[in-house]
1. Would you point out which residue out of ILE320, ILE360, ILE342, ILE325 is closer than 25 Å to ALA457 by Cβ and either at pLDDT below 95 or of a type in the set (A, V, I, L, M) (or both)?
2. Can you find, within region 1-37, the residue that is modelled with the lowest pLDDT among those that are among the hydroxyl-bearing types (Ser, Thr, Tyr) and surrounded by fewer than 17 Cβ atoms within 10 Å (Cβ to Cβ)?
3. Taking the condition over 21 Å from LEU41 (Cβ atoms), without any contact (Cβ under 8 Å) to a residue 24 or more places away in the chain, in the same structural domain as GLN126 (by TED's automatic domain parsing) and in contact with a His (Cβ under 9 Å, 6 or more places away or on another chain), does GLU175 pass?
4. Across region 38-56, what is the number of residues that are in a strand (DSSP E or B) and buried (at least 17 other Cβ atoms within 10 Å of the Cβ)?
5. Consider region 388-402. How many of its residues are more than 20 Å from ILE242 (Cβ to Cβ) and either in contact with a His (Cβ under 7 Å, 6 or more places away or on another chain) or crowded, with 17+ Cβ neighbours inside 10 Å (or both)?
6. Within region 110-127, can you find the residues that are modelled with pLDDT of 90 or more and loosely packed, with under 14 Cβ neighbours inside 10 Å?
7. Condition check: closer than 21 Å to ASN452 by Cβ and either part of a strand (DSSP E or B) or of a type in the set (Val, Ile, Thr) (or both). Does VAL240 satisfy that?
Amino acid sequence: MKDSQEKRAYQRYNIRIHFRYQILQKDMPPAAFAEANTNDLSVSGLSFTIPTEIPIDTKLRIELFIPQQVEPTLIAGRVVRIEQSSDKNLYIIGVAFSEINDADRQGILKNLENLNLFDLLAEVIQKGASDLHLTVNRPPIIRIQGKLHFLQREPIRNREIEAMIYPLLQNVQIENLSKNRELDFAFSPDLNSRFRVNLHWQRGFLEAALRTIPTKIKTLEELGLPEAVGDFAFSKHGLVIIAGPTNSGKTTTLAAMIEAINQKQEDIIICIEDPIEYVHKSKKCIIKQRELGVDTLSYAGALRRSLRQDPDVIMVGEIIDLDCILAALQAAETGHLVMTSIHAANAEQALERVVHMFPIEHKDEVCIRLSSCLQGVIAQLLLPCSDGVSQVLATEVLVSNSAVKHIIRENKLFQLLSTMQTGSQFKMHTFEKSIDDLFTKGQIGGNTLTINLQDIASKRTERK
């Protein structure tokens, strides 16, 4: 027990806590207090980053502002480490505590354990949860098989989320969060887990939603994707679009397609993502993953510049605006395979969304361009299985054969449904066929069949 307590006492936590420090020099009056935030903290010391060096053995007087603690914790410390940060204009200062009373030491230890995000994430994984929600004045909340559960922990207090999350962020991400009041990123707390994070403000408080990301990239076959998806992945050029609502597995499908290429071809693949969710290891391919807001400033800009990086395949996380689709079309037309996703209910609406991004006077032109470079569209939905636990993928596939090219060129997208219904010899099928097959195989129940067929029928009538 004693060894365990000592280990906890000396463990450093990646936690951002605001503090003030005063440099004490012999035979000189104390310097004015300066302010900083911890990079990490334990009951025996801390580190922080500032623009100036502080000499080794310099004594400091520290006032540590623990969240929700009325008075600062008073500590005497000594500089024991100086190193230059990755930003050459900054220095990381390591401080060992030389004077701290036992009550304050225990108070810090208790708060550190409450603020330890990595222990919390380990519990999320151990319980098999898909999501973690951090909200002020409530204990952490997890989602397991669609249902919410409160963890047996203390309610989260104001500024504790900043203390837990900010050490994970680069300065540019903190600036973006401050400016945009939202931030998406992903990180790996260890080699076996990865999380996607959305930070947002709610009634003046920073809150967070974290989703688990599988570290193993499943194959196309393991995901239950149809054969046509593999054909699209090994196309030499053109545009492939993955469509579906939020949380339908679009990113997972794109990752599986990239991994399929990585296993079999010697290509250069450039992925432009927001954020990077699945981390690829280069095998036969050279894979470069660029994150929006960290490695590049925009999808469209990164897409255009990627053409100078000798790519064979370009993956764009999502088509979000006119500039982005213009850059994607240009890349697809110049001999590259471009894979991307779009929020749309079905294959027809995916193409409608693309066409409707353009001013009306350019619609004929974009239909001609789209008809010449489109390889195909995969639309997908995740449906609850009959076992009430897992999910299964329903798909719709549009393959760009001569008939489809003609329909797109003439901007008669409403005719695509009948083409998919009669295009099984070209590996095409509709959502209705896919869902009916899942029911026939016993993978989904009758209620799921009825509800989703009705929903799909209603969306067929929607016009973008």
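1. ILE342
2. Among residues in region 1-37 that are among the hydroxyl-bearing types (Ser, Thr, Tyr) and surrounded by fewer than 17 Cβ atoms within 10 Å (Cβ to Cβ), the one modelled with the lowest pLDDT is SER4.
3. When the stated conditions are applied, GLU175 does not pass them.
4. 9
5. Total satisfying the criteria: 0.
6. GLN126, LYS127
7. no
This table checks each residue for (1) touching a residue at least 40 places away in the same chain (Cβ under 8 Å); (2) outside the structural domain of ARG159 (by TED's automatic domain parsing).
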{"site": "ALA186", "(1), (2)": "yes, no"}
{"site": "ARG203", "(1), (2)": "no, no"}
{"site": "ALA208", "(1), (2)": "yes, no"}
{"site": "LYS236", "(1), (2)": "yes, yes"}
{"site": "ILE242", "(1), (2)": "yes, yes"}
{"site": "GLY249", "(1), (2)": "yes, yes"}
{"site": "ALA255", "(1), (2)": "no, yes"}
{"site": "ALA260", "(1), (2)": "yes, yes"}
{"site": "ILE272", "(1), (2)": "yes, yes"}
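The values are calculated or read from the model by the stated rules, or taken from the named source; none is laboratory data. Note that this is a predicted model, so its numbers are computed, not measured. Note that each Cβ is placed from the backbone with ideal geometry, even for glycine, and that neighbours are counted across all protein chains shown.
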